[in-house]
Structures are given as structure tokens and as C-alpha cells.
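Worksheet: one structure, shown below.
Where a number appears in this text, it was derived from the coordinates with a stated rule and is not lab data. Just so you know, these numbers come straight off a predicted model, no measurement behind them. No Cβ is skipped: glycine too gets one built from the backbone with ideal geometry, and neighbour counts run over all protein chains shown.
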Amino acid sequence: MIFLKETLNRISAVAIKEIKEIVRVRLFLMLAFIVPFIMFNVFSFGISLDNENMPFAYIDYDKSQLSAKLVEKFKNRYFDLKHELTDLKNAEMLLSSGKLRAVMIIPSDFSKSIYRGNNAQVQFLIDGGYPFRAITIRGYCESILSAFNTEMAIKKYKGKLLTTTPLRVETRYLYNESLKSSYALVPSMIAVILLMNPAVLTALAISREKEMGTIYNIYSTPIKKWEFLTGKIIPYLIISAINFILLVITVRLLFHIPMKGNFIDLVPGAIVYVLINVSIGLLVSSVTRTMVAAQIVTVIVTVIPAFLYSGLLVPVANLEGGAKIIARLYPTMHFMKIIHGVYLKKLNMVDLLPHLLFMILYFAILFTLGVTVFKKREG
Amino acid sequence: MLQLIRKELLHILRDRGLMIFIIYAFTFDIYLAARGFNLIPEMVSISVYDEDKSFKSRELVEHINPPAFKKPVFIDNYKDIDKLLNESKTVISLAIPYGFEKDLYKLDASLQVLVDGTQSSTAYLSSAYLNIIIQKYTLDFLKERLKASNITGLNFIEARSRILFNPNADDKLFEGINEFFMIITLIGMILPAAILIREKEYGTIEQIMISPLNIKKLLLMKITASTIFLLFLIAFSYEIILSFWLGFNLKGTLLEFLAISLIYSFATSGLAFIIASIAKRLSQIGLLTMVIFAPMILLSGGWVPPESLPFWLRKMTIISPLKHYMDSGISLLIRGASPEQLAYNMIKLLVIGIIFMITGYLLYNKRVIKG
């Protein structure tokens, strides 16, 4: 019992010292709370992948009733129908300077071919400066056109053969009915922010002692390595817990995104996830010597996997081979699944248990590694 | 004068941590971004629940092919659709109901498509891909049917879409160049800020105050040194990483790109002054830079289309230097715009740069030199 008490004493001593240090460096304290908050908001606003109001213009060489009808179809929330252009050169100029995203060209024989019984063609020129937007715009254009075709066919053969669309496709977006990218992306950003921030702060905490030389005090005390490291991470766990709650509130109040599941189901995952990331910070600062180096290495090892292999932008189901294995080995994917599960799919803790267990195992390995690599002596 | 520039350049080169970061950023980071990010869905994983098991239903499924889709996973239980989507094993599911073939001949059939809406970047495009496949199949079928019943004259409007400047909509080209702009911005702020703060941290700024050296001249030399170094890095990365390693076919000349980067560096150096005035130590620069960098990304137009931003944010993009730099850079490197087309943007960028520079200098003067 006495051992236990001494251990607890030593851990709390380190933790209290660390908290005092954080509170007394005001800029650091500010950065601990404000940086994640700003980053979260910026990324959440900024990462929206919805393409709306795309500047769009058309050249109508045909000037028929039919062509006017087609143009009318492009007046929707996806396009910002700018104006009618008269010549191709002007259109290309506007596309190459980025003023327009797409131009539709209706040829002069457009309505004539249709009435004569041939197929007509319409050309779309799309700005390839931003490929994702280009492909999406092409999708919009071709969908609008195929709806227009079906409409024409029904009108023509009404009563004879067709009464309605011959093959109806009922598309349902599960978990996110209105398909707002923010519904999936904004909660995901919690995982990204809770990855970077605790890791960077913890890495700084240990490298600061190294850089300032106060680590020598630790070398000469009876404290055990794991006790020291545990004490060190407690304040950052508290900071991250506060940040986590702040972010969940922000998602609700600022972005108006409802949580379909239960908040309680999110908590264990968040705790283990933060523990993992704090351990990443520990591990990095055990091998680097200066604060600058510790920051840099931490950002490199956390940011890229967070964006590339987490399922944030590219679904893990679509990854192939090596990338798929990497995604499964990083903790972010697992926490992201828990977030999506609770926020959108209304899953509970039991459904998400495999991900949680994997993360606990991950933490155990990482913390042990951190304790082993950390040296309580010089050299 | 040259001595001073040389001193600052040596300082940069001898800071090992900073150098490793800079080299990593201008080489591997750009390479990884170009290779790793691909927002355009390819090989989407799809499951098919075919209750009809008829000739026509199989014919339809045969149209679902790479590169848009992976080979479909067949399931024989409607409940499995939910299970696969719940576990994010597939992104999209197609359910073909019993009697599909019969209904199709009556021209009154229906299909159900279920999409995992949590996969935001992929959900819309995958369902659009699938819809276009189905529509095409329907129109072909309809034509065949009408022919059989001797009705002619069903005509369609065909779309001929051409994507300009990047015909295959190769996302690597864009992601690589986008990351290139991010890195230029980041290093463009960190490098001068690190140089400006070093004297403050080491206390050598006191020495300079009492030396006959003019402090304004010293600051000018510091900024000149970091700008020269930055331009060198840009040229290196442009030639070696973008053109050679990634094999991008960039339009516009290196000289033109360096010219617009030089104008851009006024703005980033101005921001570096502001960072160096606020930060107390070198180690604080990293986090402070992120605070400034994050809003710049949002307003740049590289991640989110500026047209889709809320109105007030759209208006704010006018003061974002990265937006103007990015617009001009993409126009120059990908779209191949002429310098005259970029002139207006460049003037805006220059004005912003000068304003940032003056603000930064005044702040630095007040907080560091006088303070």
C-alpha cells in the first residue's frame, strides 16, 4: 500500500508541476485551446466538398425554342448561370483566367437535327484547373442532359408506348439524407484535431525539459520512468478532454449537425484515442532533442496519415493493397469509424467494440514503447 | 551588404532542424500529396443484390466496370446491404427487385440504389457514375424496343464534354501543385520569422542596437536573404520534383512563376514580421504560423470552391494573398494563361503585400526594436 501511495504522490507531483508550468506561460495556454478551436473551424468550413454556384455560361448558335428550354434546365443551385456569350474565343479566355468553370455550346443545327430525326450534340467545355470540380461539373451536366432526354422521349410517345420513365432509379443516401458533405466531414475533423494537438503539446512538454536542461532534475530523482511519463501526460489529457467537449458543442451549435447516436458511446473511444496521441508525442520527444525538431517530427507523423489514410477524404473501402493495410494500422481510421457510427449511423458501443479494442491494444503497445525508449540518463 | 546576406544565409543553412523540415517539405511532402491524394473516386466498392437473377439484370450488372467501380460483390440477402454499408465495407449498393426483367419489357421498372452518405467526397460522384450507366442502358434498351415495334424517330441529345487544360482530369497534377503552393506559403512565413526572431532569442539584437549598423538596413537584408533562399527552393522543387520526378507537363516558364512568387513573398514576409513580433521564442513560431495559415487555406479557393463559400467569406477572399497567388499560379501552370491575363491579379497581390509589409514592420518596430 505504501508503494502505491508513493507512486501516486510522485505522479501527482509531476502532474501538478506541469499544470503550473502550462498555466504560467500564457501564450502556451492560449495556443493549447485556441489553436485547435481555430483549426477545427477553418477546416470544417473549408473542407466542404459541395460544389454549388459554379459560374457557368453558354453560347447558343441555334436560338430555338428547344435550345432555350435546355438552357433553362441549368438554372439551379449547382450553377450560377452568368450570361450568354457570343464567341468561342471569349469563352476560352474566361475559362483560362478562371472566371468561368464551364461553358455549354449549342451548335446551329441543334434543333434541326432533332426535328429531322437525328441525334443532336451539345458540347461542354469544362475548366480542368481543379480536377475534382471538373469531374463533378461533368456529372451535373450529363445528369441534367439525360433527364432532359427522358423528358423529351416521354412527351413524344405519351400514350403510345411510354407513360413514365421506363426505368426509375430510386437513390437513397443513407445516414446523410440530404448529402451534405459537412455532415460527415465536420465530425470527422474532431479526430484530426484530437490527433495533432495532444501529440504536439506532449512532444513539446518533454523536449522543453531537455532543451532547458531541467530534465537533469528528473534524472537525479527516485521517480520511475513510467511514473514520470504518466505524470507528464495527465495535464494534456485534461486539456484534450476540455477540447473534445468544446468541439462536440461547436459541432452542435455552430454547424448545427445533430448527433443521431448517444454522446456516451463516443466518450470511451475519445479517451483511448487521446491516450494514443499523447503517447505518440511522448515517443517522438524521447528520440528528438530540441523543441523545434519535436514539433516538426510530430506534425509529419500525424498529419499525413490523418488526411490520407483515415477515410476522411478517400473511403478506406476504396483503398487498395498497401494503403489499405496502412489505414488499418493507424488509429485515426478506427476513431473516425466510431465518430461516423455515433454521429450518423446511430450505432452504439457494442457495434463499435472491435474498433475500441484495437485502439486499446494500440495504446498499450505505444506507451510501453515510449517508456522503453525514454532514457533516464544521459547518452 | 553582401556580407549581411551571406551571414543570414549561413544561419539558415546551419539550422539543422529547420533545414530538414524545409527539404522534406519541398520534396517528399509534395510528392506524397501528389501521389496520395485522389479526391476523384476510382474503383469504388459496390455490392449488388440481384433478386431477379434474369438475363436483363445480369446484363445491366455487366456494365458496372473498372475504372469507376471495382468488381461488384454479390449478396443474396437484403439485410446484408445494411450490414456492408454500416461497416463501411462498400460505398454503394444496387438492389434489383424481383420481376425487374418483366417490368422492363413493360417499360415500367425500378431499381434501388443505396449510398453511404458518410463518404462525402465519393457518395455523390459514385451515385452519378452509376446513374449514368443505368440511364445509358435504359436508352439503349428503349431504342431496341422501339425498333422492334417499328417506331423510329426517337432522338437524343448527346453530351460531348471536354475538360480543358487537363483532359484526363488527372488529380495528381492539381494536388501536387496545390501542395506546392501550401509549402511555399508555409516556408515563406516560417523562414523569415525564424530569421527575425533569432536575434531576439539569442539577445544579439541588443548588440546590433548599439552597433553603427542601421537596423532598417539589417531587416531589409534579412528579408532579402530569406526571399533569395525561398526562390531558390521554389526553382529547385519546380524543376526537380514537379517537372522531373512527378513528370508534370507544366505550362508557363519558370521565370514567370518565380516572378509571381516574388510578388507573393512580400505578403508572406509581411506576415512573418507579424508572427515574429508576437512570438517570444523560436519554438512558438510553429503554432502561431498555423493560426495564420489555417484561415489562408480556407480563403484560398484550393480546397473549397470560393463560389460555394457563404457570402461574407466570399467577400473576404479579396484580402487573402494565397487566393490571388493560387488563381494566378493555377492559371499559369495548368491553364497556360498569358502574363497579360494575370496582370490584374498581380497588382492586387502587390497591394496586399505592401499593406502587410508596412503593418508587420510597424508592429515589429513597436514590439521588438523599441520594446
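Structure values in brief
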read-out: Spatial separation of Cα centroids for region A:247-284 and region B:250-294, in angstrom; value: 32
read-out: Whole-angstrom gap from region A:67-98 to region B:80-132, using each part's C-alpha centre; value: 32
read-out: Karplus-derived 3J(HN,Hα), 6.51/-1.76/1.60, for each residue of region B:166-181, Hz, glycine and proline x; value: 8, x, 8, 6, 6, 6, 4, 4, 5, 4, x, 5, 4, 5, 4, 5
read-out: Using a Förster distance of 51 Å, the FRET efficiency for A:Asn119-B:Phe74 (Cβ separation, nearest 0.05); value: 0.90
read-out: For region A:137-257: span of alpha carbons on each principal axis (Å, largest first); value: 95, 26, 23
read-out: In nm, spacing of pseudo-spin labels at B:Lys89 and A:Glu92 (7 Å Cα→C-beta vector); value: 5.2
read-out: 15 Å Cα-Cα reach of B:Lys7 towards aspartates and glutamates, excluding residues that sit fewer than 8 places from it in its own chain; value: B:Asp15, B:Glu199
read-out: Residues whose placed amide H lies under 5 Å from that of A:Tyr173, excluding near-sequence neighbours; value: B:Val115
read-out: Across B:Lys172/B:Lys251; A:Lys337/B:Lys70; A:Lys63/B:Lys251; A:Lys73/B:Lys70, pairs whose alpha-carbon gap is larger than 26 Å; value: A:Lys63/B:Lys251; A:Lys73/B:Lys70
read-out: Per-residue Cβ neighbour rank within 10 angstrom, fewest leading, A:Lys155, B:Lys222; value: A:Lys155, B:Lys222
read-out: Paramagnetic label zone (point 7 Å from Cα along Cα-to-C-beta, B:Tyr344; backbone N under 19 Å) in region B:280-307; value: B:301, B:306-307
read-out: Selected from A:Arg101, A:Arg289, A:Arg116 as most flexible by GNM, with chain A as the system and alpha-carbon contacts under 10 Å; value: A:Arg116
read-out: When the convex hull of its Cα atoms is projected in every direction, mean area for chain B (nm²); value: 24.5
read-out: Principal axes of region A:54-156: Cα extent on each, largest first, Å; value: 40, 25, 19
read-out: Among A:Leu195, B:Ala33, B:Gln112 the positive-end extreme of the charge dipole of the protein assembly as shown (Cβ point charges); value: A:Leu195
read-out: Estimated dipole of region B:250-345 in Debye, rounded to 20 [Cβ of Lys and Arg +1, of Asp and Glu -1, Cα centre]; value: 300
read-out: Exposure proxy ranking, count of Cβ atoms within 10 Å, fewest first, for A:Lys180, B:Lys200, A:Lys337; value: A:Lys180, B:Lys200, A:Lys337
read-out: Alpha-carbon centroids, region A:182-239 and region A:25-40: separation in whole Å; value: 14
read-out: Label-point separation, B:Leu254 to A:Lys376 (7 Å along Cα→Cβ), nm; value: 5.5
read-out: Two-site FRET efficiency, B:Lys370 against A:Thr214, from Cβ-Cβ distance with R₀ of 45 Å, rounded to 0.05; value: 0.90
read-out: In sequence order, calculated HN-Hα J values of region A:105-117 (Karplus, 6.51, -1.76, 1.60; Hz; x Gly/Pro); value: 10, 9, x, 5, 9, 4, 6, 4, 4, 5, 5, 7, x
read-out: Cross-link reach list, aspartates and glutamates versus A:Lys376, counting only Cα pairs under 13 Å and skipping chain neighbours closer than eight places; value: A:Glu209, A:Glu227
read-out: Rg to Rh quotient for chain A, alpha carbon positions, Kirkwood Rh; value: 1.15
read-out: Rounded to 5, the percent of DSSP beta bridges in the protein assembly as shown classed as antiparallel; value: 20
read-out: Max mean-square fluctuation residue, GNM over chain B, Cα-Cα springs under 10 Å, options B:Asn77, B:Asn214, B:Asn155; value: B:Asn155
read-out: Pairwise label distance in nanometres, A:Lys82 with A:Ile2, each label 7 Å out on the Cα-Cβ vector; value: 8.3
read-out: Bridge type composition, chain B - antiparallel percent by DSSP, nearest 5; value: 30
read-out: MRE, 222 nm, helices only [DSSP H, n ≥ 4, -39500 (n - 2.57), over the protein assembly as shown, to nearest 500]; value: -21000 deg cm²/dmol
read-out: Distant-in-sequence amide H partners of A:Met54 (H built 1.01 Å from N, under 5 Å); value: A:Phe79, A:Asp80
read-out: From phi via Karplus (6.51, -1.76, 1.60), per-residue ³J(HN,Hα) for region B:245-261 in Hz, x at Gly/Pro; value: 5, 7, x, 6, 9, 8, 8, x, 8, 4, 4, 4, 5, 5, 5, 6, 5
read-out: Cut-off under 5 Å, modelled amide H: who pairs with B:Phe69 long-range; value: B:Met43, B:Val44
read-out: Nearest-ten-degree value, helix A:225-253 long axis tilted from longest Cα axis of chain A; value: 30
read-out: More than 36 Å apart - percent of Cα-Cα pairs taken over the protein assembly as shown; value: 50
read-out: Per principal axis, descending, Cα span of region B:46-148 in whole Å; value: 45, 26, 20
read-out: Residue-averaged beta-carbon neighbours from other chains (10 angstrom radius) around B:21-31; value: 2
read-out: GNM flexibility winner over chain B from B:Met43, B:Met19, B:Met290 (Cα, springs under 10 Å); value: B:Met43
